[in-house]
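The next block holds one structure in the form of C-alpha cells; read it before the comments.
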Amino acid sequence: MNKTGIDEIKVQGRRVLVRVDFNVPMDDKQTITDDTRIRAALPTINYLVENRAKVILTSHLGRPKGKRNSKYSLAPVAVRLSELLGQEVQIAKDCVGKEVKAQIQTLKDSQVLLLENVRFYEEEEKNNPDFAKKLADLAEIYVNDAFGTAHRAHASTEGVAKYIPAYAGFLMKKEVDIMGKALENPARPFIAIIGGAKVSDKIAVIENLLKKVDILIIGGGMANTFLKAQGYEMGKSLVEDDKVALALEMLKMAQTAGVSLLLPSDVVVAKEFSANAPSRTIDITRLEADDLVLDIGPESAEKFAKEVLAAQTVIWNGPMGVFEMEAFARGTEKIAQAMAQCQGITIVGGGDSVAAVEKMGVAAKLTHISTGGGASLEFLEGKVLPGVAALKDK
Ligand code: ADP
Ligand code: MG
C-alpha cells in the first residue's frame with residue numbers, strides 16, 4: 001500500500017476536488033464548538049493554494065438524510081476556514097449542477113471554494129454513479145484527505161475516483177503510510193494493546209493482530225471476558241458471557257501463533273459503577289461476588305508499560321479502565337506515559353483512546369494519532385477501505 005501523494009503530481013492551474021472531513025460539532029446556533037477537523041485539513045489545502053491549484057472542497061456535515069436542510073449547511077465552516085487560511089473561502093449553494101460549475105469557471109489559481117453539504121443528496125451515501133460523475137465533472141483531479149470516512153464507499157469518497165485521477169492528501173497519506181507499515185512490515189518487537197469496553201467491538205481487530213504482533217496485551221473491560229475464559233471469578237464485572245468461548249479460542253490462537261497474550265494480574269475494583277465508589281486494588285484471584293473491575297492494577301500497568309518501552313512498534317486501541325472517572329484512570333495513564341517515552345513507532349486509534357491521550361497531555365509525543373474511529377478500526381481489522389483502495393498507487 002503505497003499511495004501517490006499530492007506533492008508528486010502537477011496541480012498548478014488545475015481544478016482539484018478535495019474530499020475533506022469538515023463534519024465538525026456545532027451548537028444550536030451553528031457555532032463551531034471544535035475546529036480540530038478543519039485545522040487537520042490545512043496542510044493539504046495550504047499546499048494546493050501555494051502551488052496555485054483551483055481548490056474545490058467537498059465534505060458532509062451531520063446526517064441530513066439526503067435532503068437539503070439549512071441546519072446542516074457548511075456555510076459556517078467556510079467562514080472559519082477563511083480565518084484559518086487568511087484568505088476568502090467561497091461557499092457554493094450546492095455541491096453539483098450548473099450553478100456550481102459556473103462558479104468554478106470563475107475560480108482563479110489559488111482560490112478556494114467549499115461546496116455545500118454533499119449529503120444533501122441521497123445519491124451520496126448510495127454511491128450513485130451518475131452523481132459521482134457529476135462531482136467528478138467539476139474537476140480534473142480528485143484528492144481524498146478524509147480518512148475518517150474512507151471505510152464508506154460513497155460517491156465523494158469512492159465513486160468519484162472512477163472518473164478522474166485520485167490521489168491521497170497529506171492527512172490520508174500519513175494514516176495509510178504509518179498504519180500500513182505497522183501492519184505490513186513493522187519494526188519489531190511489535191506489540192498491540194487492546195482495551196475498551198467490549199470484546200465484541202474488537203473481535204476482528206484481535207484476530208487480525210494475532211497474526212502480526214509479537215505481544216498482545218488485553219486490558220479494559222474486555223479483559224474480563226478473557227479472564228473468565230481462564231476460569232477466574234469476575235464478580236459483577238462487565239463480562240460478555242456469549243463471548244467466553246471465543247475468548248478461549250483466541251487464547252489458543254495466540255499460543256499456536258507464538259504470540260504472548262498478556263492479561264491483567266491485578267485489578268482495581270469497586271462495589272458500584274460510580275466515580276465516588278470506594279475502590280480496592282486486589283489480585284485477580286481475589287474478587288468478591290459483588291465486585292466490579294474498573295481498571296487494571298498497578299502491577300499489571302507496570303508490566304504492560306515495560307513491554308511498551310521495549311517495543312519498536314506499538315498500536316494502542318481502547319483504554320485500560322473507566323478512565324473518565326479519576327479513580328479508575330491510573331492504568332490508562334500509565335500506558336499513555338509509556339507510549340510517550342517509547343522510542344519506537346507509537347500509534348493510537350479509537351475515539352476514547354485518542355480522547356484519553358489528549359486529556360493526559362501526551363498526544364504530541366506519539367508518532368501518530370489516527371483520526372478516523374470506525375475507519376482506523378477497519379484498517380486494524382485488515383479490511384480494504386474503499387476510499388483508500390480508490391486512490392492511485394505509486
Ligand atoms: P475506543 O473508543 O478507544 O475504541 P472503546 O469505545 O472500545 O474505546 O472503549 C472505551 C470505553 O470502555 C470507555 O468509555 C471506558 O470507560 C470503557 N471501559 C474501559 N474499561 C472498562 C471496564 N473495566 N468496565 C467497564 N467499562 C470499561
Ligand atoms: Mg469508543
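The values are calculated or read from the model by the stated rules, or taken from the named source; none is laboratory data. As the structure is a computational prediction, the values presented were derived from the model and not from experiment. Quick reminder, even Gly has a Cβ in these numbers, built from the backbone with ideal geometry, and neighbours come from all protein chains shown. Heavy atoms of the whole protein, side chains included, go into the accessibility calculation; ligands, DNA and RNA do not. Shrake-Rupley method; radii C 1.70, N 1.55, O 1.52, S 1.80 Å.
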Check the stretch 170-191 and report whether any residue there is within 26 Å of residue 298 (Cβ to Cβ), within 16 Å of ligand 2 (Cβ to nearest atom) and aliphatic (A, V, I, L, M). no
Just to verify a result, which residue in the stretch 88-111, among those that are in a loop (DSSP other than H, G, I, E, B) and acidic (Asp, Glu), is farthest from residue 22 (Cα to Cα)? 109
Yes or no: residue 203 open to solvent by 10 Å² or more (accessible area, probe 1.4 Å), within 16 Å of ligand 2 (Cβ to nearest atom) and closer than 28 Å to residue 329 by Cβ? yes
Looking at the stretch 122-147, which of its residues are open to solvent by less than 20 Å² (accessible area, probe 1.4 Å) and either under 21 Å from the mean Cα position of the chain (by Cα) or over 15 Å from residue 97 (Cα atoms) (or both)? 141, 142, 143, 144, 145, 146, 147
Restricting attention to the stretch 233-254, report how many residues are open to solvent by less than 70 Å² (accessible area, probe 1.4 Å), assigned to a loop (DSSP other than H, G, I, E, B) and not β-branched (Val, Ile, Thr). 4
Looking at (1) among the charged types (D, E, K, R); (2) closer than 23 Å to residue 201 by Cβ; (3) in contact (Cβ under 8 Å) with a residue 12 or more places away in the chain, can you tell me which one residue 252 breaks? (3)
Filtering helices (runs of 4 or more DSSP H) wholly in the stretch 293-394 for at least 1 residues that are away from ligand 1 (no atom under 11 Å from the Cβ) and at pLDDT below 95 gives 351-359, 373-380
Working only within the stretch 335-362, note down all residues that are of a type in the set (Gly, Ala, Ser) and over 20 Å from residue 24 (Cα atoms). 336, 338, 340, 344, 361
Sole exception among (1) out of contact with any Cys (no Cβ under 9 Å at 6 or more places or on another chain); (2) of a type outside the set (Phe, Trp, Tyr); (3) touching a residue at least 40 places away in the same chain (Cβ under 8 Å) for residue 314, by number: (1)
Hits in the stretch 101-121 - residues which are under 16 Å from residue 58 (Cβ atoms), in contact (Cβ under 8 Å) with a residue 24 or more places away in the chain, surrounded by fewer than 21 Cβ atoms within 10 Å (Cβ to Cβ) and not basic (Lys, Arg): 104, 107, 111
Just checking, does the stretch 173-183 include any residue being over 30 Å from residue 44 (Cα atoms) and either in contact with a strand residue (DSSP E or B) (Cβ under 8 Å, 6 or more places away or on another chain) or in a helix (DSSP H, G or I) (or both)? no
Which of the residues belonging to the stretch 1-38 are of a type in the set (Lys, Arg) and within 16 Å of the chain's Cα centre (by Cα)? 37
When the residues of the stretch 273-309 are narrowed to those that are touching a strand residue (DSSP E or B) at 6+ places or on another chain (Cβ under 7 Å) and either more than 30 Å from residue 341 (Cβ to Cβ) or within 16 Å of ligand 2 (Cβ to nearest atom) (or both), which ends up most open to solvent (accessible area, probe 1.4 Å)? 273
Does any residue in the stretch 327-352 that is under 18 Å from residue 311 (Cα atoms) and open to solvent by 50 Å² or more (accessible area, probe 1.4 Å) come within less than 8 Å, Cβ to Cβ, of a residue that is within 12 Å of ligand 1 (Cβ to nearest atom) and among the acidic types (Asp, Glu) six or more places away or on a different chain, and which pairs are these? none
If you take the residues in the stretch 46-59 that are touching a residue at least 60 places away in the same chain (Cβ under 8 Å) and surrounded by fewer than 24 Cβ atoms within 10 Å (Cβ to Cβ), which one is farthest from residue 144 (Cα to Cα)? 50
